[in-house]
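Q: What follows is a structure written as structure tokens; I'll ask about it next.
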Protein chains: 4
Amino acid sequence: MGKGRLEAFSDGVIAIIITIMVLEMKVPHGNTPEALRPLLPTFLSYVLSFINIGIYWNNHHHMLHTVHKVTGTVLWNNIHLLFWLSLFPFATAWMGENHFSTWPVALYGFIAMMAGIAYYFLAHCLADIQGKDSVLAKALGKDRKGILSVIFYIIGIGLSFINSWLGFSMYLLVAAVWFIPDRRIEKKVE
Amino acid sequence: MGKGRLEAFSDGVIAIIITIMVLEMKVPHGNTPEALRPLLPTFLSYVLSFINIGIYWNNHHHMLHTVHKVTGTVLWNNIHLLFWLSLFPFATAWMGENHFSTWPVALYGFIAMMAGIAYYFLAHCLADIQGKDSVLAKALGKDRKGILSVIFYIIGIGLSFINSWLGFSMYLLVAAVWFIPDRRIEKKVE
Amino acid sequence: MGKGRLEAFSDGVIAIIITIMVLEMKVPHGNTPEALRPLLPTFLSYVLSFINIGIYWNNHHHMLHTVHKVTGTVLWNNIHLLFWLSLFPFATAWMGENHFSTWPVALYGFIAMMAGIAYYFLAHCLADIQGKDSVLAKALGKDRKGILSVIFYIIGIGLSFINSWLGFSMYLLVAAVWFIPDRRIEKKVE
Amino acid sequence: MGKGRLEAFSDGVIAIIITIMVLEMKVPHGNTPEALRPLLPTFLSYVLSFINIGIYWNNHHHMLHTVHKVTGTVLWNNIHLLFWLSLFPFATAWMGENHFSTWPVALYGFIAMMAGIAYYFLAHCLADIQGKDSVLAKALGKDRKGILSVIFYIIGIGLSFINSWLGFSMYLLVAAVWFIPDRRIEKKVE
């Protein structure tokens, strides 16, 4: 089965997620810079999520580039990933509105962690189908980056109960690591 | 006429439906787990609908995979299906906000049933065009699965007037049956 | 220049318009059929707009099927059409919430008329580019259907000041006429 | 790496941005023309943003038409552009609701300027990859139009502190200049 519609549907869902998050930044009533100030945490939260969703789209793009066959299992693994991504707007808004307090930061980390796990499953499901010698299987290897980011999210969730900004910093760290597109795949293609 | 745009438009509408449902989970004001608790029924309702819409996308994908020609009648049957799917966000939110009480559960079942009927019409319209010996026509056969799920929804609607959780269980049952992608088509293709 | 992205962008915008209209049906607080009753006019308004937008997508699909070249002028004519279509959710909600009273019905007719005019310009701009002997130019002919539906909308707007349901009936009439996909193009292709 | 998904994702995000802006025009409660009057500034603001986003889509379309290769850097430059475009609905609504007063007009100009800068980076990144003798590199040249529009936005922001309508006029001027699709590229292709 072709991968075309899988890409189109994922592009659609991810495009909507990344865009509707902005609707959570409610337009303030005043017309002064002071009226915008209360929105700063929401904006900061929005920027992190925009980058995170951007990273997922970017790597999803890279990953499927090397893939030729998809199966029903791949479709469901993909929908599973999209489910956790679809919860980002909620977690983003809750974290922003509550000025990065403990529980909202922990929930954000939980949803980011679940998305990371779903991405891990999708990547390995795709690699299995393409075969051991496929570009994707070799590029993934032991997939330290994927496993490490899930561990970092778990640490971040724990840290957010000590100081929520510590937890938030861990999420920034994971984003920074993934910001660079997956060179592993680009290298193997060459 | 090519099927490309039919797929693209359906992908777009289904991607939006599956994503805007999350907007019905209003961000709570508190920052504690207790503040999230009232959202649990809405979240449960969201999960069921996410799976249901995922199933429709998945099977729509499988079904159109075997199709080469589409006509004006197909386009309208497809728009008819999208109409009932577009009412899922409303029914999902009403059911969630009212903690799965009788009438909202019945309405959810009604809309799911109508979507099932619309899908049945679309499938048979496509099968007719491809011809009796087409992969799709053979895969559908007497389409017991399609007819049974409509019957199950009718039973579910009836049961929801005795106990709304009984009705809801029927909807879960239908989702479980369809969760597995339509192997009939995959088999026939092989 | 290829028409692929023009189709993709139009599909995207039309898919979003047809889907976000449902967000105007606010979920009621009660859990009884009585709680749904006040939504009936909004639902009726939604159904008409869903059909109207479906008609535009359908005919846009048919029209571009025969087209091979697009220019900058075509892109702007298309964006002009999308602009008027984008106002349907607003007009639909205003008409529904005010139970089809005079001014909202007149505004709905005005926006539908402007969309009709924009479609007329797009169709003729495309026909000019393809040449006099193109399938599209022959299929359009004098384009009585396009001109008549604009006239019907003008009559409908006028009638809505006598009795708003009379105006609304005219809009239903135009929808009924266009409901059938543009056979003119299908015939000429054969 | 192919440009197909980059176009599809950009089309999706831009289609959503251009469409959800209309959700900021809240449906009024009255059913008279007077009830619509307070929405006029919001509508005017919406029209300008619809044209601006339309211009970006149009030129994005033209620019990518000549491109064959995309890299990870291009993907991130594109996401950077989409980030600033995604803030248009917020800036549009704030400017409209506050009847084009100073700070909202200045913020609108700032976001428009940042989008212009992001577009400039994307264009030059793409030109670098295609090579000095590519159609795109020659068409861009010294890119006076791109640089000038950023300068005009800066002037507009400054003017909005003297008279906000003067600032707004500058934004209209930039829109008028870009309204005409980028003939430079069309000419070079020929």
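The values are calculated or read from the model by the stated rules, or taken from the named source; none is laboratory data. Predicted model only: the values in this text are computed from it and were never measured. Positions of Cβ are generated from backbone atoms using ideal geometry, with glycine treated the same way; all protein chains shown enter the neighbour counts. We work out accessible area using only protein heavy atoms, side chains counted, and drop any ligands, DNA or RNA first. Shrake-Rupley method; radii C 1.70, N 1.55, O 1.52, S 1.80 Å.
Q: So which residues in the range B:67-77 are within 20 Å of the chain's Cα centre (by Cα), open to solvent by 20 Å² or more (accessible area, probe 1.4 Å) and within 11 Å of another protein chain (Cβ to nearest Cβ)? Steps first, answer last, please.
A: Initially, the range B:67-77 is screened for residues within 20 Å of the chain's Cα centre (by Cα), giving B:74-77.
Narrowing the set further to residues that are open to solvent by 20 Å² or more (accessible area, probe 1.4 Å) leaves B:76-77.
Matches in the range B:67-77: B:76 only.
Q: Would you tally the residues in the range D:40-55 being buried (at least 18 other Cβ atoms within 10 Å of the Cβ) and within 14 Å of chain A (Cβ to nearest Cβ)?
A: Of the residues in the range D:40-55, 5 are buried (at least 18 other Cβ atoms within 10 Å of the Cβ) and within 14 Å of chain A (Cβ to nearest Cβ).
Q: Could you grab me the full set of residues in the range C:3-39 that are open to solvent by 40 Å² or more (accessible area, probe 1.4 Å) and touching a His at 6+ places or on another chain (Cβ under 8 Å)?
A: If the condition is that a residue be open to solvent by 40 Å² or more (accessible area, probe 1.4 Å) and touching a His at 6+ places or on another chain (Cβ under 8 Å), then C:3 is the only one that fits.
Q: Given the condition of a type in the set (S, T, N, Q), in contact with an Asp or Glu (Cβ under 7 Å, 6 or more places away or on another chain), part of a helix (DSSP H, G or I) and at negative phi, answer yes or no: does some residue in the range A:59-66 qualify? Before you say what the answer is, go through the steps one by one.
A: The initial filter retains those residues of the range A:59-66 that are of a type in the set (S, T, N, Q), namely A:59, A:66.
When the remaining residues are screened for being in contact with an Asp or Glu (Cβ under 7 Å, 6 or more places away or on another chain), the result is A:59.
Checking the rest, the ones that are also part of a helix (DSSP H, G or I) come to A:59.
Next, only the ones that are at negative phi stay: A:59.
For the range A:59-66, residues of a type in the set (S, T, N, Q), in contact with an Asp or Glu (Cβ under 7 Å, 6 or more places away or on another chain), part of a helix (DSSP H, G or I) and at negative phi: present.
Q: Just give me the residues in the range A:24-38 being in contact with a Phe, Trp or Tyr (Cβ under 9 Å, 6 or more places away or on another chain) and either farther than 21 Å from residue D:24 by Cβ or in a helix (DSSP H, G or I) (or both), in sequence order.
A: A:24, A:33, A:35, A:36
Q: Just to be sure, is residue D:90 closer than 20 Å to residue A:54 by Cβ, facing another protein chain (nearest Cβ under 9 Å) and open to solvent by 10 Å² or more (accessible area, probe 1.4 Å)?
A: Numbers: closer than 20 Å to residue A:54 by Cβ: yes; facing another protein chain (nearest Cβ under 9 Å): yes; open to solvent by 10 Å² or more (accessible area, probe 1.4 Å): yes.
Judged against the criteria, residue D:90 is a match.
Q: Of the residues that make up the range D:153-162, is at least one more than 10 Å from chain A (Cβ to nearest Cβ), of a type outside the set (Val, Ile, Thr), surrounded by fewer than 16 Cβ atoms within 10 Å (Cβ to Cβ) and in a helix (DSSP H, G or I)?
A: Initially, the range D:153-162 is screened for residues more than 10 Å from chain A (Cβ to nearest Cβ), giving D:153-162.
Narrowing the set further to residues that are of a type outside the set (Val, Ile, Thr) leaves D:153, D:156, D:158-161.
Imposing the further condition that a residue be surrounded by fewer than 16 Cβ atoms within 10 Å (Cβ to Cβ) reduces the set to D:158, D:161.
With in a helix (DSSP H, G or I) added as a condition, the list becomes D:158.
The answer is yes, given that some residue of the range D:153-162 is more than 10 Å from chain A (Cβ to nearest Cβ), of a type outside the set (Val, Ile, Thr), surrounded by fewer than 16 Cβ atoms within 10 Å (Cβ to Cβ) and in a helix (DSSP H, G or I).
Q: Report yes if some residue within the range C:70-92 is at pLDDT 90 or above, in contact with an Asp or Glu (Cβ under 9 Å, 6 or more places away or on another chain) and within 29 Å of residue D:7 (Cβ to Cβ); otherwise report no.
A: For the range C:70-92, residues at pLDDT 90 or above, in contact with an Asp or Glu (Cβ under 9 Å, 6 or more places away or on another chain) and within 29 Å of residue D:7 (Cβ to Cβ): present.
Q: Additional query: Give me a count of the residues in the range C:93-115 that are open to solvent by 20 Å² or more (accessible area, probe 1.4 Å), under 15 Å from residue D:30 (Cβ atoms) and either part of a helix (DSSP H, G or I) or among the small types (Gly, Ala, Ser) (or both). Don't jump to the end; show me each part of the working.
A: Filtering the range C:93-115 for residues open to solvent by 20 Å² or more (accessible area, probe 1.4 Å) gives C:97-99, C:101-103, C:107, C:110, C:113-114.
Narrowing further to those that are under 15 Å from residue D:30 (Cβ atoms): C:97-99, C:101-103, C:107.
Still in the running and either part of a helix (DSSP H, G or I) or among the small types (Gly, Ala, Ser) (or both): C:97, C:101-103, C:107.
Residues meeting the conditions: 5.
Q: If residue D:118 passes every condition in (1) outside any helix (DSSP H, G or I); (2) under 14 Å from the mean Cα position of the chain (by Cα) but one, which one does it miss?
A: (1)
Q: Please find, among D:83, D:110, the residue that is at the interface with chain A (Cβ under 8 Å from one of its Cβ atoms), of a type in the set (A, V, I, L, M, F, W, C) and either in contact (Cβ under 8 Å) with a residue 60 or more places away in the chain or in contact with a Phe, Trp or Tyr (Cβ under 9 Å, 6 or more places away or on another chain) (or both). Give the steps one after another, and end with the answer.
A: Numbers: D:110 fails: at the interface with chain A (Cβ under 8 Å from one of its Cβ atoms).
Exactly one residue qualifies, and that residue is D:83.
Q: Separate question: How many residues are over 15 Å from the mean Cα position of the chain (by Cα), more than 7 Å from chain B (Cβ to nearest Cβ), in a helix (DSSP H, G or I) and small (Gly, Ala, Ser) when one looks only at the range C:1-23?
A: 1
Q: Please work out if residue B:173 is over 25 Å from residue A:73 (Cβ atoms) and at pLDDT 80 or above. Give the steps one after another, and end with the answer.
A: Numbers: over 25 Å from residue A:73 (Cβ atoms): no; at pLDDT 80 or above: yes.
Taking the combined requirement at face value, the residue does not satisfy it.
Q: If a residue must be hydrophobic (A, V, I, L, M, F, W, C), open to solvent by less than 60 Å² (accessible area, probe 1.4 Å) and within 20 Å of the chain's Cα centre (by Cα), how many such residues does the range D:128-151 contain?
A: So the count comes out to 4.
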